[in-house]
1. Counting just the residues of the range 165-177 that are out of contact with any strand residue (DSSP E or B) (no Cβ under 8 Å at 6 or more places or on another chain) and assigned to a loop (DSSP other than H, G, I, E, B), which one comes out surrounded by the most Cβ atoms within 10 Å (Cβ to Cβ)?
2. Mind listing whichever residues of the range 178-193 are surrounded by 13 or more Cβ atoms within 10 Å (Cβ to Cβ) and either over 23 Å from LEU12 (Cβ atoms) or in contact with a strand residue (DSSP E or B) (Cβ under 7 Å, 6 or more places away or on another chain) (or both)?
3. Among residues belonging to the range 135-159 that are modelled with pLDDT of 90 or more and out of contact with any Phe, Trp or Tyr (no Cβ under 9 Å at 6 or more places or on another chain), point out the one that is surrounded by the fewest Cβ atoms within 10 Å (Cβ to Cβ).
4. For the range 68-89, indicate whether the set of residues that are small (Gly, Ala, Ser), closer than 16 Å to ILE155 by Cβ and either open to solvent by less than 70 Å² (accessible area, probe 1.4 Å) or modelled with pLDDT under 85 (or both) is non-empty.
5. For the range 115-152, which residues satisfy the criterion of being closer than 23 Å to GLU23 by Cα and not in a strand (DSSP E or B)?
6. Considering only the range 1-19, state which residues are part of a strand (DSSP E or B) and open to solvent by less than 30 Å² (accessible area, probe 1.4 Å).
7. Just checking, which of PRO117, PRO95 is modelled with pLDDT under 95 and open to solvent by less than 40 Å² (accessible area, probe 1.4 Å)?
Amino acid sequence: MSGQLELAPGKLAHPSGALWLVESGALLVAGAHLGYGWAQHRRPDPAPAFDGGAHKRLGALVEELKPKTLVLLGDPARAPHPAREWAGAFGRLRPLLVDEWRQGDVVALYGRLPKSPVPDGHILVFGHLRPFATIEDRTGARRRLPAFLRSRHAIVLPAFSPFSGGVDVTRGIPGELRELLGRGPVQVALTTGRRVVPLQFPGGG
């Protein structure tokens, strides 16, 4: 799929909301909640079982990019034993369910703080705040679009699942996000599902 946007050398924001690390062949995803539909089956009342298409989209994404590593940051599934229930969904590729992952110059986190110091020149990738922006079209209809954020030292990923909550950056960068991103300009890019588009913020974010 085209429509990707390079946030840093070799680090591409994919229209799905994932971050594609070209050199290492790693795919980073936040807020997937893949077990949402399966968890519905366990409810005593017969509720509809669906996951918003996250599982199918992730499978298609793996088929498209053929990553060497699939990293799911944080809470990927709402099921008692997610790894056992869907480990075979992506063939031989076994997803890593982690709160922290390091490779090359990337330190990917679900929480706020790394377990050990981060060397200078590395990029922090955060997956737990899941930014989005609300966009209004010419007809007045509103859409909530997942957003990537990029500062000099950090990248914040949007949620992969439509059921994941997040932080609204429509009117600027809230304090919690600003603290993670650090000082300096912030690049905001929205994904429509087909392409990633830079967003111009009033006052530079």
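The values are calculated or read from the model by the stated rules, or taken from the named source; none is laboratory data. It should be emphasised that the depicted structure is a prediction, and the values quoted were computed from it without experimental measurement. With ideal geometry, Cβ positions are generated from the backbone for all residues, glycine too; neighbour counts draw on all protein chains shown. Calculation scope for accessible area: heavy atoms of the full protein, side chains included, ligands and nucleic acids excluded. Shrake-Rupley method; radii C 1.70, N 1.55, O 1.52, S 1.80 Å.
1. Looking at residues that are out of contact with any strand residue (DSSP E or B) (no Cβ under 8 Å at 6 or more places or on another chain) and assigned to a loop (DSSP other than H, G, I, E, B), I get GLY172.
2. Hits for the range 178-193 are ARG178, LEU180, LEU181, VAL186, GLN187, VAL188, ALA189, LEU190, THR191, THR192.
3. Looking at the filtered set, the residue picked out is ARG152.
4. yes
5. Residues satisfying the conditions are VAL118, PRO119, ASP120, GLY121, HIS122, GLY127, SER151, ARG152.
6. If the condition is that a residue be part of a strand (DSSP E or B) and open to solvent by less than 30 Å² (accessible area, probe 1.4 Å), then LEU7, ALA8, LYS11, ALA13, LEU19 are the ones that fit.
7. PRO95
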